[in-house]
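Only one structure is covered here, and it is reproduced in the block below.
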Amino acid sequence: MTGADLRINPSILAADFVNMQAELARIATADFVHVDVMDNHFVPNLTFGPQMVERIQATSPIPLDVHLMISDADRWAPGYAELGAASVTFHLEAAADPVALARRLRAIGSRAGVAVKPATPVEGLFDVLDEFDQILVMTVEPGFGGQSFLADQMPKLALLRDEARRRGAQVWLQVDGGIGEATIGQAAEAGADTFVAGSAVFGAADPEQAIARLRAEAGAHRH
């Protein structure tokens, strides 16, 4: 698989919030900027809400990949699509009607993503793969950046890859948590094509070079 088929989405959780515009400019060669919205209810952490996302949308040189770690996703997710986010991912565990919500996001004009926590099985998504543009397999417990990669999530990812291929579903498979040069290959081998990296990019002296290295490493393990 070529590098063009892979996406590197740096997470601004690892960025300097005070200098957000400058930080966004440092990752202009990435595919999307990953924006984690947390409500201190669905996960034990609080980040920011629609106003901050709107400002990021206005200043980012690349499209927004919004990840909603919030309760009552059915109510709140469409608002982020309306802000112009290119992709909005909500948690399967936080949605009463995931398919209806995904259809609503698509109708607004956003890509619709669904995320699963490490303990959540993915088999229930098999029959509705075409309803989603992206499935996010969390490779850490959602809530905080800087956690260690959970390699035990790779079989779940491989299940999704095999099922998507069997059905001909054009769904992106994303991983988020502990992704860096040492782990991105495992995720790519298991079927991921979209990678959220935080400190591996923003903690690098040269973020553009870090993005290029991650892309190359992932490409070397895709088949």
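Values in this text are rule-based calculations from the coordinates and carry no lab data. Note that the coordinates shown come from a computational prediction; the quantities given were computed from them, not determined experimentally. Backbone-built Cβ (ideal geometry, glycine too); neighbour counts: all protein chains shown.
Here the ratio of the Cα radius of gyration of region 1-127 to 2.2 N^0.38 Å is 1.05.
Remark: the chain carries a charge dipole of roughly 320 debye about the Cα centre, counting +1 on each Lys and Arg Cβ and -1 on each Asp and Glu Cβ.
Report, in cubic angstrom per residue, the convex hull volume of the C-alpha atoms of the chain.
Dividing the Cα hull volume of the chain by its residue count gives 107 Å³.
Each of 144, 15, 114 was placed along the dipole of the chain (beta-carbon charges, centred on the mean Cα), and the one lying farthest toward the positive end is 114. As a rough footprinting exposure proxy, the listed residues 202, 126 were ranked by other beta carbons within 10 Å of their own, and the order from fewest upward is 126, 202.
Taking all Cα pairs closer than 8 Å and separated by 6 or more residues, the relative contact order of the chain comes to 21 percent. Here the Karplus relation 6.51 cos²θ - 1.76 cosθ + 1.60, evaluated at θ = phi - 60°, turns the backbone of region 126-138 into coupling constants of 4, 6, 10, 4, 5, 7, 10, 8, 8, 10, 9, 9, 5 Hz, with x for every Gly and Pro. Counting other Cβ atoms within 10 Å as a rough exposure proxy, the listed residues 122, 88, 137 run 122, 137, 88 from fewest neighbours to most. For region 49-104, taking the reciprocal of the average inverse distance between every pair of different Cα atoms yields a Kirkwood hydrodynamic radius of 11.5 Å. Arranged from fewest to most other beta-carbon atoms within 10 Å of their beta carbon, 221, 41, 34, 91 become 41, 221, 91, 34.
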